[in-house]
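In what follows, a structure is listed as structure tokens, so that the remarks can point back to it.
Please treat every number below as a calculation from the coordinates, not as lab data. Quick caveat, the model's predicted, so the values are computed rather than measured. Here the Cβ is made from the backbone with ideal geometry for all residues, glycine too, and neighbour counts use every protein chain on show.
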Amino acid sequence: MCGCRASVLSTKQYSVNQPAPASTKKSPLAAGGMPKRIPIAKQLASIKALGKGSELEKAFATAALVYNNSADPEGKLSKAETKSLLQTQFWGFIQGQENKPKYQEIISALDEESENKIDFEDFMILLVSLTLMSDLLQEIKNVKTTK
């Protein structure tokens, strides 16, 4: 993939104390017969352990929820779904990275055997890798933190 692998290969699904993935639970149907999606903010609010959690904990919980909302019942995403999820939900960080060799390497790895699945740990490694190479990270580092 990006030259990184999770240090522990596990089939355990990480869930942040959330209900079963959307594809396995019964939910009310919206217009057109499609399941009604619960907004991430409401999903986060339903996790009691995060009530007094730090912003960092909530950020990671958000990433886990975004992943789990898209994952199959086994908690995995195809490489094609992963690419789409990163491009739609993480566009601020990947915008302008298209010409960087490391970005091209990551995206081309997702294009190869796109039906193959990745787990949450590998998704998070991709997320961190894309963050570290992002121009937006430098902008974040330059934000004034004191008066």
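So Glu81 ticks every box in (1) touching a residue at least 12 places away in the same chain (Cβ under 8 Å); (2) closer than 27 Å to Arg37 by Cβ; (3) acidic (Asp, Glu) but one. Which box is left unticked?
Of (1) touching a residue at least 12 places away in the same chain (Cβ under 8 Å); (2) closer than 27 Å to Arg37 by Cβ; (3) acidic (Asp, Glu), only one is false for Glu81: (1).
Identify all residues within the stretch 118-147 that are basic (Lys, Arg) and under 21 Å from Phe60 (Cα atoms); write none if there are none.
Lys141 - this is the single residue of the stretch 118-147 that is basic (Lys, Arg) and under 21 Å from Phe60 (Cα atoms).
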